[in-house]
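Here, each number is a calculation from the coordinates, and none is a lab measurement. Everything numeric here is computed off the predicted structure, so don't read it as measured data. Cβ: placed from backbone, ideal geometry, glycine included. Neighbour counts: every protein chain shown.
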Amino acid sequence: MARCTRSSTRGSERVTTFARIEELGKHDGATVTVRGWCTHLRSSGKIAFIVLRDGTGTLQCVMVKKEVDDLTWARYADCTLETSVAVTGAVRADTRAPGGYELGVTTLEIIGTSPLDYPIQPKEHGIDFLLDNRHLWLRSPKQRAIARVRHEVEQAIHDFFYERGFLHVDTPILTAAIGERAGLFETEYFDEGTAYLAQTGQLYGEAAAAAFGRIYTFGPTFRAEKSKTRRHLTEFWMIEPEMAWYDQAMNQDLQEELVCFLVQRALTRCAAELKELERDVSKLETVVAPFPRISYTDAVTTLQAKGSSIQWGDDLGAEDEALLVADHDRPVFVCNYPKEAKAFYMKENPADPRTVLCADLLAHEGYGEMIGGSQREDDYDKLVQRIKEEKLPMDAYGWYLDLRKYGTFTHSGFGIGLERTIAWICGLPHIREVIAFPRMMHRVRP
RNA sequence: UGGGGUGUAGCUCAAUUGGCAGAGCGCCGCACUGUUAAUGCGGUGGUUGGUGGUUCGAGUCCACCCGCCCCAGCCA
């Protein structure tokens, strides 16, 4: 038997060597054991096909009645959808097999039976049913493909920042400070009163940037808004880089570079997954720097010419964003929004004090806001004034103001929504499939 | 929180003007040596989301309630 992955003894069962399906091509002609779950079962009386899934791929196992002993043949009757099995046999190339290789079965061992009521059939299901069965839905090929793209994108993000000398800093999830005005999840915190689940790590990121130069955070974020759209989750993952001595132009250059890096990484290392997801990769191949940079003021003019009722000062609606991006084959920056439409910590635009130095990066194909970023207000007095204007509790921001009090510094940063980015790369209609166990307004289980 | 939908078998859906609640898939049985969501034949399967009302009769009409989906807002 070919020696493949070595494993240890677990519980009462002795697990010996076994092969992973994605590596099977290396074992052509050898006899191996594959461990996995049955996904398709077809029998013709004297020949039986078991399609096996092990998380790395799928494998067709062929069992011919006259080539196996009666006991092994009889075990086929116990195979049902999602029965876990160990199958031993010879690997052989065969054009009739999905994946190019199949296994000529000599031994079939049932590890864990699976009752006949396995909910997910190889057919169309409604989204509500699938989400109720999310713990089982994850076993489907499309969900595996999404999970692999997510994994690759996450790794690429770490690689991108590691290569550029950024420090990865973890910021608290439980916090007393309030970053933005959006809805917050509350919880009791010992004798300290109310704590909130973090909706951004940015303020902490700014403190870390003053300490370490260039940093990024990578973690979960919570929003208690009752959002029910294809672009929103109540719990999502966000990456928030913060860079000392970067102005807004440098900030956008970095965003551009990151997005291109992630797209290229997915194109080169997730080609099979994107194919499984039927993603039109030609829409990704055009994503190269530079991205268009449109000022908010110009955007309003353009939108009004296209028939939008938007007025200067309004935030862009979803329809406006779609209109604006429709003409482009790559993401688009909309820069320098009116002060009132954005958060208190954004730096006033010296060229037009009605606006702030910021940009949203809108994904093309209508995926909406992928990145929101800005240069931060580094003037102590102006920041205090903005906190007052927004009627925010000044005492909660004492430590944040210290960052301007003790050696203020030009700095910028942004937040990139992980699920939105991946949904866009995968071409999915809704971001809920991008995370293993989505948290939405009407869903906290499984 | 608004606007628009929807709820019938385990799943996906149908049911004409109100008139015996159905199909496909799944599952069970039989047949079949190369299947690709196998196929053929036979079988199994229901508190029509809930409560009340109209009617000889309600899945269908009316009222209220509940769940979910889509869109918008909030934002990444």
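Collect residues whose amide H, placed 1.01 Å from N in the peptide plane, falls under 5 Å from the amide H of A:Tyr345; neighbours closer than 5 in sequence don't count.
When sequence neighbours closer than 5 places are left aside, there are no close amide H contacts.
Sorted from largest down, give the three principal axis spans of the alpha carbons of chain A, whole angstrom values.
That works out to 86, 56, 40 Å along the principal axes.
Based only on other Cβ atoms within 10 Å, what is the fewest-to-most ordering of A:Val263, A:Val64? Please list the in-between numbers first.
Details: A:Val263 24, A:Val64 12.
Exposure proxy ranking, most exposed first: A:Val64, A:Val263.
For each of A:Leu383, A:Leu136, count neighbouring Cβ atoms within 10 Å of the residue's Cβ, then give the residues from fewest to most. Let's see the in-between values first.
Details: A:Leu383 21, A:Leu136 15.
Least to most surrounded, the residues fall as A:Leu136, A:Leu383.
Can you give the convex hull volume per residue for the Cα atoms of the stretch A:120-255, as a whole number of Å³? Could the numbers behind the result be given before it?
Values: hull volume 21.7 nm³, N = 136.
Enclosed volume per residue, from the Cα hull, is 159 Å³.
Using only the alpha-carbon atoms of the stretch A:21-112, report the extent along each of the three principal axes, biggest first, to the nearest angstrom.
If we take the Cα atoms of the stretch A:21-112, the spans are 30, 25, 20 Å.
List the lysines whose Cα sits under 17 Å from the Cα of A:Lys382, skipping any in the same chain fewer than 8 residues away.
A:Lys339, A:Lys342, A:Lys347, A:Lys391, A:Lys405
By per-residue mean of other Cβ atoms within 10 Å, what is the highest-first order of A:82-94, A:433-445, A:278-290? Each step should come with its number before you reach the end.
Details: A:82-94: 18.2, A:433-445: 15.8, A:278-290: 13.8.
Output ranking for A:82-94, A:433-445, A:278-290: A:82-94, A:433-445, A:278-290.
Find the all-direction average of the projected area of the Cα convex hull for the stretch A:240-358, expressing the result in square nanometres with one decimal place.
Values: hull surface 35.7 nm².
That works out to 8.9 nm².
Give me, ordered by chain and number, the residues 5 or more places off A:Gly368 or on other chains with an amide H under 5 Å from its own placed amide H.
Amide H neighbours of A:Gly368: A:Ala363.
Show which lysines lie in cross-link reach of A:Lys65 when reach means a straight Cα distance below 26 angstrom and same-chain residues fewer than eight apart are skipped.
A:Lys46
When all C-alpha to C-alpha distances in the stretch A:48-194 are sorted into bins of 5 Å, what percent of pairs does each bin hold, rounded to whole numbers?
Histogramming the stretch A:48-194 at 5 Å steps yields 2, 7, 11, 12, 11, 11, 11, 9, 7, 6, 5, 4, 3, 1, 0 percent.
Can you run phi through the Karplus equation (6.51, -1.76, 1.60; θ = phi - 60°) for the stretch A:85-100 and list ³J(HN,Hα) in whole Hz, with x for Gly and Pro?
Whole-Hz 3J(HN,Hα) from phi for the stretch A:85-100: 9, 10, 10, 10, x, 8, 7, 9, 6, 7, 5, 6, 8, x, x, x.
Which angle between 0 and 90 degrees, to the nearest 10, do you get for helix A:141-163 versus the longest principal axis of chain A when only C-alpha atoms count?
Approximately 50 degrees, to the nearest 10.
Compute the acute angle (0 to 90°) between the alpha-carbon long axis of helix A:380-389 and the principal axis of greatest extent of the alpha-carbon atoms of chain A; round to the nearest 10°.
The helix A:380-389 is inclined about 80 degrees to chain A.
For a quick check: with amide H placed at 1.01 Å from N, whose amide H comes under 5 Å from A:Gln60's, ignoring anything fewer than 5 positions away on the same chain?
Under 5 Å from the amide H of A:Gln60: A:Leu52, A:Leu103.
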